[in-house]
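What follows is calculated from the coordinates using simple rules that are stated; it is not laboratory data. Because the structure is predicted, anything quoted here is derived from the model rather than measured. FYI the Cβ positions are ideal-geometry reconstructions off the backbone, even for glycines, and counts take in every protein chain you see.
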């Protein structure tokens, strides 16, 4: 386990990216969402590894990119991730992939701090865009699967309140020392 790497996860459109921008303003290191980067690259290259085309290929790129991001940040100070490797396990389940043993083994090998911040579905702020095409119902299903995957892997979920990004950032900062102390 790497107790300096913290995951902020949740379904699409739940305010994670805005929250990470606030944490960056406070001086924290943040790792961007790998999934969104893959979508942008695939759209630009007219590739097929997209959640609305080839979900399996998209998942493979997402898993590889998530591991790469983890390794890049493993020896840095406190870093917040916009999604973690276990998000790939939840996504595999969302798309109906039957065998996720390999993904699960990767999740077991690359461990984050035990406290994971989970952003709940939030209809009032939910929007779609060129990279986020899921409807709100799929965002809710994703959120449930994320919670299940992280808990199954032994993480403690910390539900983020539905407040402004600055208030969410303050909430996280208050919980940092508590999480690190409890699991030292």
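Over the residues of the chain, compute the C-alpha Rg and express it relative to 2.2 N^0.38 Å.
Scaled against compact globular proteins, the figure is 0.97.
Rank these for me by crowding, 2, 79, going from fewest to most other beta carbons within 10 Å.
With the sparsest Cβ surroundings first, the list reads 2, 79.
Full-extension gain between residue 52 and residue 151, please, as 0.36 nm times their residue separation minus the C-alpha to C-alpha distance.
Extending this stretch completely gives an extra 32.9 nm.
By how many degrees, between 0 and 90 and to the nearest 10, does the Cα long axis of helix 34-44 differ from the longest principal axis of the chain?
Taking Cα atoms only, the helix is inclined about 30 degrees.
Hey, with R₀ at 25 Å, roughly what FRET efficiency would residue 75 and residue 109 work out to, going by the Cβ-Cβ distance, to 0.05?
0.95
Give the order of 81, 136 when sorted by the count of other beta carbons within 10 angstrom, beginning with the fewest.
136, 81
Report, to the nearest 10°, how far helix 165-182 tilts away from the longest principal axis of the Cα atoms in the chain, using its own Cα long axis and a range of 0 to 90°.
Compared with the principal axis, the helix lies near 70 degrees.
Taking springs between alpha-carbon atoms closer than 10 angstrom, which of 100, 144, 44 fluctuates most in the Gaussian network model of the chain?
Checking each option, the largest mean-square fluctuation is seen for 44.
Arrange 101, 3 by Cβ neighbour counts within 10 Å, fewest through most, would you?
Exposure proxy ranking, most exposed first: 101, 3.
Tell me what the chain gives for mean residue ellipticity at 222 nm when only DSSP H runs of n ≥ 4 count, each as -39,500 (n - 2.57), the sum divided by the residue total, rounded to 500 deg cm²/dmol.
-16000 deg cm²/dmol
Against the longest principal axis of the chain, how steep is helix 136-152, in degrees 0 to 90 to the nearest 10, with axes from Cα atoms?
Taking Cα atoms only, the helix is inclined about 60 degrees.
Just to be sure I understand the model, the point goes 7 Å from the Cα along the line to the Cβ. What's the resulting residue 45 to residue 60 distance in nm?
Here the answer is 1.2 nm between the modelled labels.
If the chain between residue 37 and residue 67 were fully stretched, how many nm would it gain, using 0.36 nm times the residue separation less the Cα-Cα distance?
Between residue 37 and residue 67, full extension yields 9.4 nm more.
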